[in-house]
1. So which residues in the stretch B:329-361 are under 16 Å from residue B:316 (Cα atoms) and of a type in the set (Lys, Arg)?
2. Would you mention how many residues in the stretch A:104-122 are part of a loop (DSSP other than H, G, I, E, B) and surrounded by fewer than 19 Cβ atoms within 10 Å (Cβ to Cβ)?
3. Exactly one of these conditions fails for residue B:340: (1) within 14 Å of chain A (Cβ to nearest Cβ); (2) farther than 25 Å from residue B:153 by Cα; (3) not basic (Lys, Arg). Give me its number.
4. Tell me which residues, restricted to the stretch B:123-143, are outside any strand (DSSP E or B), aliphatic (A, V, I, L, M) and within 22 Å of the chain's Cα centre (by Cα).
5. So, residue B:154, is that one within 14 Å of chain A (Cβ to nearest Cβ) and either touching a residue at least 24 places away in the same chain (Cβ under 8 Å) or in contact with a Phe, Trp or Tyr (Cβ under 6 Å, 6 or more places away or on another chain) (or both) or not?
6. Condition check: closer than 24 Å to residue A:216 by Cβ and modelled with pLDDT of 90 or more. Does residue A:68 satisfy that?
7. I need a count of the residues in the stretch A:82-98 that are hydrophobic (A, V, I, L, M, F, W, C), open to solvent by 20 Å² or more (accessible area, probe 1.4 Å) and in contact with a helix residue (DSSP H, G or I) (Cβ under 7 Å, 6 or more places away or on another chain).
8. In the stretch A:210-231, how many are more than 9 Å from every other protein chain (Cβ to nearest Cβ) and in contact (Cβ under 8 Å) with a residue 60 or more places away in the chain?
Amino acid sequence: MQSQSDNEYGIQVYNASINPAPRCPCVLLLDTSHSMSGEPIAELNEGVKTYFEEIRQDDFSRFSVETAVIAFGASDQGVSLVMPFTSCARVEEVQPPRFKAGGLTPMGQALERGLDLLKKRKREYRAKGIAYYQPWMVLMTDGAPTDQWREAAQNVQNEARNRKLVFLGVGVGPYVDMPTLTEICPDNRPPKRLQGLRFCQFFEWLSQSMAAVSRSSVGEQSVRLPNIDGWACVEA
Amino acid sequence: MGKVIYSFGRFFGQAIGHVKAHCPAPGKDRPWCDQATADQMRGARSKTRSEPQLVFDRNGIERRLGPLMAKGGEGKVYPLADHQDVLVKIYHVRARNGDRLQTKLEAMRQMRPMLNSPLFGWPRLLVFDEAGTWRGYAMRRLAGVQMQTLCQPQLIAERLPHWSRREILKCARSFVSLVGKAHRNQVIIGDINPGNLLVDPQTCEVRGIDCDSYQIAGTTGLHTCPVGVPMLMAPELLGRDYSRVRRTFEQELFSVAIMLFRMFMLGLHPYSRTYGEDPVANLKSGHCAFGLGAGCRLPRGPWYKIWSHLPFRLKDLFIRTFRDGHGDPAARTLLEEWNDALDEYLERLNKGWFDPHLVPSAPKSSHYRGSDSGRRKGTASQGSRLFRKNA
């Protein structure tokens, strides 16, 4: 413990209630279904780890970005909240989640869960007087939904159209159902296809985008995001 | 009258020699400088493409650039390989904006009082590539942590653990004189924000960087400030095309008040409020939670405790700017008024009349002991009337 004489009048203990930074909520919806087994899931784990490392090294995103992780697939539960909204403000405390592959691809449920999570979070922000940026939601999948997804997709698109959500769909591997993913994604932001297993590059880009957002001003119309060449396929 | 600097030779002969004598290399006597550099480095972590290696002055004298230090929307910043105290900003092609920006920088270099001030990273010398195409400018490197550090209590705890309210006050005072220095030279900073200001952790001096965006009235006419952060902008400027607006001193005074407020309130934005819109929307509509009749919509946190310990006079200046000054630019607090109020606060703080804690343990009550307790009684009741605690 720090002695009083070191810091008599200063600030000693981190307290989330004295974080005045506007927040940028980001929900990761990650496909951990059976088809992700082996190398893909290992790369995904590595990528998510990279993401949190990058976020906590940046003075702005460390206090602004709050990430929640939902895995769909893996085990009988179908959709599980692997990590509730977490900031990296307390550097030593964040444990990036690790995933195991297995089960089906309940993408629709995952989308609903993500939207619900964001709605609650925004309500909390408003109640506490915390400013926030347009939330982000990232959907990564290597297959096709095995449940009802159209209604959820409609909700995603409504939110995106009203500038209440930045939605990003990323297809992985040769068997991803890109036409369905395209239908889920808002028209102005069609899905991207990951080059090979470049999860780490993708998550590095995501953390840099978050850093750009958390440097911007709340209410700013557009934020220049980094180049996606490092991870996205050039679609023919 | 000193001559305008056209070559690296003169740059080093005059400016750098002088700076070097006072500013030792980063890391030794200025441990914080490493942090500032590290901050900037983080913004620059992405992969390097083909980076420029050499830059030339007007006489064709070449200098080698060091590794990329920072990058932003308009360009990249490098130190010179053999003179770490000189930074070179290279613009992206799209940011060069015809020859208008070059003309502006030429005009800036002629402004001796600004050029010679140690408070600004003022453009000193235009730089060119091998083909003689204009690419950017050279400036002195300034030391300090980003003002952003003061806007995040956790960063204060990590990087400025020795700071108390006294340091914040000195810093606020220095910031007001920085803006005053600019205004006396008909310069408007325009884009006042916590990323464009550096703070010296030892002396609390505030310094201005990214000066190429400042609005100046030079020999070649008015050069506007094309950028701005909505969260720190006067309401009448929101949504305008900044590059086409001639900014006024009154507009700057609004930004000054927001920046000062955030310094005293550890980063809290004056237009934050519960169940409201975001700060920018509140700023636009004038819904400020501070002041009479605002419905106590204060964000959750220790903010009331901090606010209640500020002197009444200072709070009054804030409220005047954010409420009356919202629609009436003439009502915004003047730099001289801030100066007087801050000097008075510092004097009284030094006498032990005010709580030096960054986060006082309790809101100030009428029982708060101090040698002017009679006066403070009135202050406290005024304060709580203006700003009641959010239950």
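1. B:332
2. Residues meeting the conditions: 1.
3. All conditions pass for residue B:340, except number (1).
4. Step one: list which residues in the stretch B:123-143 are outside any strand (DSSP E or B), which gives B:123-124, B:129-133, B:141-143.
Filter once more, keeping what is aliphatic (A, V, I, L, M): B:131, B:142-143.
Scanning the stretch B:123-143 gives B:142, B:143.
5. yes
6. Considered against the rule, which asks whether it is closer than 24 Å to residue A:216 by Cβ and modelled with pLDDT of 90 or more, residue A:68 comes out as yes.
7. So the count comes out to 2.
8. Within the stretch A:210-231, residues that are more than 9 Å from every other protein chain (Cβ to nearest Cβ) and in contact (Cβ under 8 Å) with a residue 60 or more places away in the chain number 3.
The values are calculated or read from the model by the stated rules, or taken from the named source; none is laboratory data. For clarity, every value in this text was computed on a predicted model and none was experimentally measured. Quick reminder, even Gly has a Cβ in these numbers, built from the backbone with ideal geometry, and neighbours come from all protein chains shown. When the accessible area is computed, the model is the full protein with side chains, heavy atoms only, and any ligands, DNA or RNA have been set aside. Shrake-Rupley method; radii C 1.70, N 1.55, O 1.52, S 1.80 Å.
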